[in-house]
Amino acid sequence: MSSASTHGTSDSGRTAFLFDLDGTLVDSVYQHVLAWREAMAGVGIELAVWRIHRRIGMSGGLMANAILRETGHEVTAEEAGRLVRLHVEAYARLADQVRPLPGARDLLAYLTKIGTPWAIATSARIESARPTLEQLGVPSQVPIITRDQVEYAKPDPDLFLAAAERLGVPIHESVVVGDSVWDLLAARRARALGVGLLSGGYGEEELARAGAYRVYQDPADLLRHLDEVGVRAVV
């Protein structure tokens with residue numbers, strides 16, 4: 001039996017949820033920021049952490065290119081690739097500090113209980129995402145789309161389009177939940193409904209301008225307001 005048939009399909013005519021991971025379900029944004037700072041220091045670049053934070057949520061390659069451009073460095077494929085590798089290594093040393101965000105497990109468990117299909121679509125590669133997925137206790141039948149599986153990551157729509165396809169749900173019947181403007185830009189480009197969370201450090205107005213239909217504090221707050229995005233429990 002396919003994952004689509006075990007985890008909900010378009011036959012139900014019900015909304016599907018496509019979740020970002022870092023900053024949306026797990027409290028990992030600042031570990032990524034510090035890992036990028038360490039990676040940049042490794043190639044002799046100094047950049048304030050707030051500037052790094054503004055890029056979190058992009059794919060690693062775009063992130064590296066943006067940082068190098070912002071610091072006046074000429075971007076080469078070799079240098080960008082080295083930055084990405086250094087970031088992965090630095091983040092691995094910080095990953096044990098990462099915890100699920102308030103309400104994340106409860107939200108996912110509730111959606112599963114009422115038969116609402118959901119998937120995770122992250123710009124992280126699987127080696128970085130695996131420990132946090134284990135902490136969340138994501139069931140094996142839930143589709144997990146990582147950077148390794150698509151041609152382009154956020155702000156391109158590929159991750160969310162692939163997640164909806166794996167669920168067997170049209171993208172226009174899906175809700176993308178993310179914490180960054182890059183998530184919401186990708187949702188808009190995919191033609192999905194975007195919902196923003198403040199748990200990644202972006203402001204409510206920023207997320208709304210990027211396309212969020214609603215903005216909530218964290219997964220627990222979204223769980224309390226699921227009716228606002230059209231979720232109805234099966235009676």
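Can you give the net charge of the other residues whose Cβ lies under 12 Å from the Cβ of ARG54, counting K and R as +1 and D and E as -1?
Counting the neighbours of ARG54, the net charge comes to 0.
Label points 7 Å out from Cα along the Cβ direction at TYR213 and GLU89: separation in nm?
Placing both labels 7 Å beyond Cα along the Cβ direction yields 4.4 nm.
Which value in deg cm²/dmol, rounded to the nearest 500, describes the helix-derived mean residue ellipticity at 222 nm for the chain, given -39,500 (n - 2.57) per DSSP H run of n ≥ 4 and division by the residue count?
-13000 deg cm²/dmol
Dividing the Cα convex hull volume of segment 21-121 by residue count, how many Å³ per residue is that?
On the way: hull volume 10.0 nm³, N = 101.
Measuring per residue, one finds 99 Å³ for the Cα hull of segment 21-121.
With only alpha-carbon pairs counted, each pair once and no self-pairs, how large is the Kirkwood hydrodynamic radius of segment 50-178 in angstroms?
16.2 Å is the Kirkwood radius here.
Expressed as cubic angstrom per residue, what is the convex hull volume of the alpha carbon set of segment 125-209?
Convex hull volume per residue, Cα atoms: 97 Å³.
If we count trypsin sites (Lys or Arg not before Pro) as exposed when they sit in a DSSP loop and have at most 13 other beta carbons within 10 Å, what is the longest stretch of the chain that avoids them all?
Answer from the scan: 1-190.
Counting only protein heavy atoms and using a 1.4 Å probe, what share of the accessible area of the chain belongs to carbon plus sulfur, as a whole percent?
49 percent
For the chain, report the accessible area per residue in Å² (1.4 Å probe, heavy atoms, rounded to an integer).
I get 46 Å² per residue for the chain.
Charges at C-beta only: +1 for Lys and Arg, -1 for Asp and Glu. How large is the resulting dipole of segment 93-188 about its Cα centre, in Debye rounded to 20?
Computed charge dipole of segment 93-188: roughly 240 debye.
May I ask you to compute the full-extension gain from GLU46 to GLU204, defined as 0.36 nm times their residue separation minus their alpha-carbon distance, rounded to one decimal in nm?
Net length gain for the segment: 54.0 nm.
Cα-based Rg of the chain per 2.2 N^0.38 Å, rounded to two decimals?
Values: Rg = 17.2 Å, N = 235, 2.2 N^0.38 = 17.5 Å.
That works out to 0.98 for the chain.
The values are calculated or read from the model by the stated rules, or taken from the named source; none is laboratory data. This one's a predicted model, so the numbers in the text were calculated from it and none came from an experiment. Backbone-built Cβ (ideal geometry, glycine too); neighbour counts: all protein chains shown. All accessible areas refer to the heavy atoms of the entire protein, side chains included, with ligands and DNA or RNA removed. Shrake-Rupley method; radii C 1.70, N 1.55, O 1.52, S 1.80 Å.
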